[in-house]
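Q: If you scroll down you'll find the structure; I have some questions about it.
The values are calculated or read from the model by the stated rules, or taken from the named source; none is laboratory data. Please read all numbers here as calculations on a predicted model, not as lab measurements. Cβ sites come from the backbone with ideal geometry, for glycine too, and all protein chains shown count toward neighbours. Accessible surface is based on the protein model in full, side chains and every heavy atom, while ligands, DNA and RNA are left aside. Shrake-Rupley method; radii C 1.70, N 1.55, O 1.52, S 1.80 Å.
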Amino acid sequence: MKRKKTVLIIIPAYNEENNIVKTINSIRNLEIKNYEIDYIVINDGSIDNTLLVLRDNKINHLNLINNLGIGAAMQTGYKYANYHNYDYAVQFDGDGQHNAKYISVLLKDLSDNNVDLSVGSRFVAQLSEFRSTKIRQFGIAFLSFLIKITCKETIKDVTSGFRMCNNDVISEFASSYPDDYPEPESLVVLLKKGYKINEVAVEMNEREHGVSSINKIKSIYYMIKVSIAIIFRSLSTKKGE
Amino acid sequence: MKLKIKIILIISSILFLLYIFSSVNKEKAHLKYALLWMISVVFTLIVALFPNFIMIIISWLEIETISNFMFYLAIIFLLIICFSLTIIVSKQKEQILKLSQELALSNVKDYRGKQVEHHEKNKRIIQ
C-alpha cells in the first residue's frame, strides 16, 4: 500500500491574536483524499497575545523570540517541512486573506501538471472579487513585467503569498530563502534554477487595512527596493542546480 | 575638473561598484545594506562624469572648488552609512540579548533536576 503524501500548511503570524483562531479553524478540518494535511504556525516574535492564543487553543506552532520578518519566518516553516520530509508545503496567511478551499486546487496543479511551485493568483481569471487597489495592481503588474524580462516567464500575481511547492523546492527554500521581499524574489530564484512555476486562479479575501499617505510613500520605497532586488537576483551568477 | 582626477575617480568608482556587486552576488553583503554604498558610489560617478552640471549646484551653495564639494559629499555619505550601521548593530544587540536570555531561561531545571518549560508572559491578559 502506497503511503499517503503529506502536505504542510505553513502559517506565519505576527500580532494575529484576533485572527489566528479563525484562520486555524478554517484549515483544521481540511481533508483531501489520499493526502495527510498538517499545519504549523510560525509566531514571528509577536508582541501581542498571539503566543498565548496559540498555546491556549493548542495550536501547533513554532515560536521565534525575535521578529525576523516574513522571509525568515517563512523559511523557518520550510526548514520544519524539510526536516520532517513533507512532500508538499503551502504558504497560508495568518490574517485570513487566503481561502482554504483553494489549497486542494494548488495541490491538484502540482500533482497533475508536474510543476514545482504553484501560485494562487488573483489575476489569472476573474474569480477574485477582491483584487487590491488600483495602485497596488499597477505595482504588481510592473513587478510581473520585470520578472518577465529578466526570467522570460509570465507570472501575473507575483506578490501572492498563497503558493504551494513540492519537496525539491522545500529543500531549496530551507537552505536559502530571500529575506526582504520573498514573494517576487523567490520566484526569480526558482526560475533562475530551472524550476517550473505555474499559476492558478484563486479567491482571496479583503484584508482590513487602511490606506494612509504614509503607506503610499512606503509602497513606492518598497517598489524601488524590490525592483532592484529582482534585477540583482536575476543577474546572480551563483551556481545553482 | 582636471582630466587626471576625473579618470581616477571614474575608474575607482567603477571598480568599487563592481566589488560591491560581487559581494552582494556571493551573498557576502546583504543587498539591503549595500544599497546605501551603491547610491554613494553612483553619485560620485555622476559627479565625476558630469562636472559641469555639478558646478551649478556648487556655485549656488557657494562652495569654492569641486574637490571641496567631493570631500563634503564623501563625509556626508560616510556619516549616513556609519549611522545606519549603528542602528543595525543596535538591533542585533537586542536580538542577541533576547536569544541569550531565552537560552538561559529555557534550561531552567526544578530542584529534582527536571527541565521546566519556559514561556514568556505577555503583559496584557485576554479575558
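Q: Here are some pairs, A:Lys22/A:Lys225; A:Lys33/A:Lys193; B:Lys32/B:Lys93; which of them have Cα atoms lying more than 22 Å apart in this structure?
A: Details: A:Lys22/A:Lys225 33 Å; A:Lys33/A:Lys193 32 Å; B:Lys32/B:Lys93 19 Å.
The answer is A:Lys22/A:Lys225; A:Lys33/A:Lys193.
Q: Between the stretch A:216-238 and the stretch A:131-189, what is the separation of their alpha carbon centroids in Å?
A: Measuring centre to centre over Cα atoms gives 12 Å.
Q: If you consider only alpha-carbon coordinates, what radius of gyration and Dmax does the protein assembly as shown have, in Å?
A: 24.3, 85
Q: At 222 nm, what value in deg cm²/dmol follows for the protein assembly as shown if DSSP H runs of at least 4 each add -39500 (n - 2.57) and the sum is divided by all its residues, to the nearest 500?
A: It lands at -18000 deg cm²/dmol.
Q: Could you identify which residue out of A:Gly77, A:Gly161, A:Gly139 has the top mean-square fluctuation in a GNM of chain A using Cα springs shorter than 10 Å?
A: Evaluated over chain A, the most mobile residue of the options is A:Gly139.
Q: Follow-up. Can you give the relative contact order of the stretch A:126-199 as a percent, counting alpha carbon pairs under 8 Å and 6+ residues apart?
A: Relative contact order, the stretch A:126-199: 27 percent.
Q: For chains A and B, what's the summed buried accessible area, probe 1.4 Å, to the nearest 100 square angstrom?
A: Buried: approximately 1900 Å² between B and A.
Q: Provide the packing ranking of A:46-52, B:85-91, i.e. peptides ordered by the mean count of other C-beta atoms within 10 Å per residue, highest first.
A: Listed from highest to lowest mean packing, they are A:46-52, B:85-91.
Q: Considering only A:Ile228, A:Ile32, A:Ile217, give the residue with the highest GNM mean-square fluctuation for chain A, with springs between Cα atoms whenever their separation is below 10 Å.
A: A:Ile217
Q: Report, to the nearest whole %, how much of the accessible area of the protein assembly as shown belongs to carbon and sulfur atoms, 1.4 Å probe, protein only.
A: 59 percent
Q: Taking chain A as a Gaussian network, where each spring joins two C-alpha atoms under 10 Å apart, which residue of A:Lys108, A:Lys148, A:Lys134 fluctuates the most?
A: A:Lys134
Q: Run the numbers on chain A and let me know its relative contact order in percent, using alpha-carbon pairs under 8 Å that are six or more apart.
A: 23 percent
Q: Among the helices of chain A (complete DSSP H runs), which have Cα atoms covering no less than 24 Å along the helix axis and a Kyte-Doolittle mean of at least 0.0? Working shown, then result.
A: Values: long enough: A:134-151 (25 Å, 1.14); A:213-235 (34 Å, 0.89).
Long hydrophobic helices here: A:134-151, A:213-235.
Q: Taking amide H atoms as placed 1.01 Å from N in the peptide plane, list the residues 5 or more away in sequence, or in a different chain, whose amide H sits under 5 Å from that of A:Lys196.
A: Those qualifying (amide H under 5 Å, at least 5 residues apart or on another chain) are A:Asp116, A:Leu117.
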